[in-house]
Amino acid sequence: MEHHRTRRGTVPLPPQTGRGGSGDTRRGNGSVRAGRAEPPRGSRSGSGSGSGTPPRAGGAPRLPKPARSPASAAPPAASRRMPNPRLTGLGTGLFSVLVMVTLGWLDRLLLGASQTAYGVLFVPVCVVCGLWVRRADLVAAPVVMPIAFALGILPLAKDGGGPGARLMALATALATQVGWLYGGTLLAALTVLVRRVVLVARRRRATARR
């Protein structure tokens, strides 16, 4: 009994070789590729997202990057200022005394005890103390500057034979340099006065805006 039966009137064709065979194979592959079923569009875009964004390796959709808030941006150049220290009344006194005593000894060692140079250096120290004292202790700056001037001029006074002679030399140095003493103290007072006026004006503007 035959296992392979052929229809009546049909003759089996021999297998085609060469270019025709390869072409049929290619056509067959092409037909298979063309006949592949494409996955549905919904499966490409994440689970129900529908936004068309390609999924990540883990399968989760890619989220948009959050917008950068203005607070996290770089500070403007106007806010980058020099350090502005604030000294208390006691701190202003200690600072001025330390600076003036140091300047007095340097004046004696380098300039030969020049009291005029000491008086000139006293003026910028008064301005710095007037600017660095805090708002609550503005009155302290013009008060402590004469004390700092008197203590700093001690190394420049002429050496005497005893305490009385030392006091007389100090009084003479203060009398001869009284112009620098009054000028520096007045400049410190004007500095704190200007700061006080500006502070009051700012408070009034803030109150008016409210």
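The values are calculated or read from the model by the stated rules, or taken from the named source; none is laboratory data. None of the values given here were measured: they were computed from a predicted structure. Note: ideal-geometry Cβ built from the backbone for every residue, glycine included; neighbour counts use all protein chains shown. With ligands, DNA and RNA removed, areas are computed over all heavy atoms of the protein, side chains included. Shrake-Rupley method; radii C 1.70, N 1.55, O 1.52, S 1.80 Å.
Quick notes
- Surface per residue (accessible, 1.4 Å probe) for segment 82-210, Å²: 61
- Working note: Karplus 6.51/-1.76/1.60 with θ = phi - 60° gives segment 99-114 the couplings 5, 5, 5, 4, 5, x, 5, 5, 5, 5, 7, 9, 10, x, 6, 8 Hz, where Gly and Pro are set to x.
- For segment 99-171, a crude dipole built from +1 on the beta carbon of Lys and Arg and -1 on the beta carbon of Asp and Glu, taken about the Cα centre, is about 80 debye to the nearest 20.
- For segment 139-171 versus segment 115-138, the gap between their alpha-carbon centres in whole angstrom: 17
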